[in-house]
Amino acid sequence: MRVLENLQPKRVFYYFEEITKIPHGSGNTKEISDYLVNFAKEHQLRWIQDESNNVIIFKPASKGYENAPVVMLQGHMDMVCEKTADSAHDFTKDPLTLKIEGDYITAEGTTLGGDDGIAVAYGLALLEDDTLEHPALEVVITVDEEIGLLGATALDATPLKAQYLLNLDSEEEGYLWAGCAGGMTAVSEIPVRYQEYTDHKWKITVSGLAGGHSGAEIDKNRANATLILARFLKEAKEQGEYAISELSGGLKDNAIPRTASALVLADEETGKALSAYAEVFTRALRTEYTGSDQGITVTVEAQGEGTEPVLHPVSQEKVLFFLLQYPNGIQKMCGFMDGLVETSCNLGITNLTPQALVGSASVRSSVGTAKKALSDKIAYLTEFLGGEYQIEGDYPSWEYKQDSSLRPIMVEVFRELYHREPEVKVIHAGLECGLFYEKIPGLDCVSLGPNMQDIHTTEEKLSISSVERVWTYLLEVLKKIK
C-alpha cells in the first residue's frame with residue numbers, strides 16, 4: 001500500500017515515496033546513488049556516477065529549445081537522520097514510515113528527508129516526462145551535503161555545460177534565494193585525564209528543546225542543550241562538590257542540540273541539592289527562553305553507587321571553561337540586508353571520550369574574512385587549553401549576482417502565477433550554489449523549494465499543496481527559458 005499514491009503531482013510523490021524506502025543518511029548513499037543510475041539506464045538517459053556517489057543525469061532539449069541556455073537542476077540525495085528517543089528505527093536498513101496529517105507529509109518518529117528528497121523527486125519526474133517543454137537539462141544530485149557539502153566539493157564540473165542553475169534545496173515557497181553563506185565544520189579536541197572515584201552516581205539531563213537547523217533557525221533564540229548543561233554544571237558548584245564522568249550533547253554539527261546529558265559522582269546530600277537546584281534552574285530557563293523553548297527541562301536522577309573514571313579536577317575545569325567560552329550563536333548581523341545573519345556558530349556535537357573532549361561546530365558567514373576570524377577564535381580557545389583544532393568541509397559563500405538574467409525570468413513567472421511579488425533573499429544556511437558558482441564561471445543561480453517545517457528534526461513536515469504549486473512554477477520557468 002502506497003501512502004502518497006493519491007497525491008498530486010502524482011509522479012513527484014511517487015518518486016518521493018520511493019526515495020523514503022531507501023536508506024540515504026549522510027555517509028550512506030551508495031544504494032540511493034545506484035537507484036538514480038538505474039533510473040537513468042531505464043529511461044535511456046546519459047549519466048555519470050563518480051567515486052563519491054554523486055550522480056549527473058543529462059536530458060536533451062525538447063523541440064524548439066535546442067538553442068536555449070542549458071539548465072542545471074540540483075539537489076542532494078542525503079538526509080539528516082534523527083529519531084525520537086523511543087524509536088527503534090534503523091536508518092541503515094529500514095524504510096521511513098510516512099503519514100499524512102492534513103496538508104503535510106511527515107514520518108513516524110524520524111526525520112522525513114524532505115530536505116532534500118523532494119528535489120530528487122522533482123528531478124526524476126522531469127526527466128521521465130517527454131511531453132514537457134524545457135531546455136537541455138543537467139540534473140545533478142550530490143552526496144553528503146548535510147555534513148559539509150562534501151559531494152559538491154568533490155564533484156568534477158567539467159562535463160557540465162549549464163548557464164543557469166536551479167537549486168531545489170530551499171524550504172519556503174515564495175522566496176527566491178539569490179545568495180548564501182559559506183561555511184565549515186570546526187573540530188576541537190581538548191585532552192583530558194581521568195582518575196577513579198567511588199560515590200553516588202547522578203545523571204543530569206537537559207531536554208525539551210526545539211532544536212532546528214543551525215543556519216535557518218540560528219536567529220530564533222533557541223537554546224543549545226550542551227551549553228545549557230555546561231552552565232548548569234558551573235552554577236551547580238555552589239550546591240557541593242561533584243566530579244564529571246560522562247558528558248555528551250547533540251547529534252549533528254548543523255543541528256542545534258536538543259538534548260545533552262552528563263554523569264557526575266557526588267555524595268548523597270550534594271546529589272539531592274543538585275536535583276532541587278535543577279527545578280529552580282528549569283523555571284529560570286523557561287522564562288529566559290519564552291517563545292522558543294518553553295518545554296526546556298533539566299533533571300537530576302540517582303543512578304545508584306559505584307566506581308567510575310572521573311575527570312581530574314584540572315581537566316574538569318578545562319572542559320567547563322571551553323564550553324562556557326565557546327562563541328556559539330549569532331556573532332554578527334548583516335550590515336546591508338535587514339534581518340540577515342552574517343556570521344554564526346553552532347556547537348552541534350560534543351562528546352567526552354577517554355582521551356579528550358571533542359566538539360564539532362558549524363561555522364557560517366557570508367563574508368570570507370569573518371568566517372576565518374571566527375574559526376581563528378575557536379582555534380585560539382582550543383589551543384589555549386592544550387587542544388588540537390582542525391577544519392573540515394570548508395565551502396565558499398554564494399555572492400548575490402547583481403546582473404542576473406535568470407532571476408528576472410523567475411520573478412516574472414512568479415508574478416504571473418501567484419499575482420504577487422516573490423521575496424528575493426540571501427540565506428544564512430549553506431547551499432551548494434556557492435561551490436557550483438565557483439566551479440563554473442558566470443553561472444547564474446537561484447534556489448527555491450516548497451514549504452517545509454522543522455527540517456533536521458523528528459517534527460519535519462512537507463506541505464503537499466506547496467509541492468504542487470512549486471512543481472507548476474518550475475515547469476513554467478523552464479518553458480520561459482528559451
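The values are calculated or read from the model by the stated rules, or taken from the named source; none is laboratory data. From a predicted model like this one, the values you see are computed outputs, not experimental measurements. Cβ atoms come from the backbone with ideal geometry, glycine included; neighbour counts cover every protein chain shown. Calculation scope for accessible area: heavy atoms of the full protein, side chains included, ligands and nucleic acids excluded. Shrake-Rupley method; radii C 1.70, N 1.55, O 1.52, S 1.80 Å.
Heavy-atom accessible area for residue 469, with the other protein chains in place and a 1.4 Å probe, reaches approximately 100 Å². Only DSSP H runs of four or more residues enter the estimate; each adds -39500 (n - 2.57), and after division by the residues of the chain the mean residue ellipticity at 222 nm equals -9500 deg cm²/dmol. Shown for the stretch 308-464: lysine pairs separated by 8 or more places, or found on different chains, whose C-alpha atoms are under 28 Å apart, numbering 19.
Put simply, the convex hull of the Cα atoms in the stretch 367-424 casts, on average, a shadow of 6.2 nm². Lysine pair count for the stretch 156-258 with Cα-Cα distance under 24 Å and sequence separation of 8 or more or different chains is 6. Other residues whose C-beta falls under 14 angstrom from the C-beta of residue 347 contribute a net charge of +4, scoring Lys and Arg +1 and Asp and Glu -1.
Straight-line cross-link reach from residue 480 at under 13 Å between alpha-carbon atoms covers these aspartates and glutamates, not counting any fewer than eight positions away in the same chain: 133, 412, 416. The candidates 122, 380, arranged from most to least accessible area with a 1.4 Å probe in the full protein assembly, appear as 380, 122.
Here the dipole of the stretch 54-160 is about 240 debye; that uses its Cα centre as origin and unit charges on the Cβ of Lys and Arg (positive) and Asp and Glu (negative). Rounded to the nearest 20 debye, the dipole size of the chain about its Cα centre is 840 debye, using +1 on the Cβ of Lys and Arg and -1 on the Cβ of Asp and Glu. For residue 46, the accessible area of its heavy atoms, probed at 1.4 Å with every protein chain present, is near 140 square angstrom. Quick check: from the Cα gyration tensor, does the stretch 291-428 come out rounded (a/c under 1.5), prolate or oblate? Prolate is the answer for the stretch 291-428, as a/c is 1.5 or above and a/b outweighs b/c. If you wrap the tightest convex hull around every Cα atom of the chain and split its volume per residue, you get 151 Å³. Is the stretch 213-300 rounded, prolate or oblate when judged by the Cα gyration tensor, a ≥ b ≥ c being the square roots of its eigenvalues, rounded requiring a/c under 1.5 and prolate requiring a/b larger than b/c? Because a/c hits 1.5 or more and a/b fails to exceed b/c, the stretch 213-300 counts as oblate.
Across the stretch 58-71, rounded Karplus estimates of 3J(HN,Hα) from the backbone phi angles (6.51 cos²θ - 1.76 cosθ + 1.60, θ = phi - 60°) give 9, 9, x, 5, 6, 4, x, 10, 4, 9, 6, x, 5, 10 Hz, Gly and Pro being marked x.
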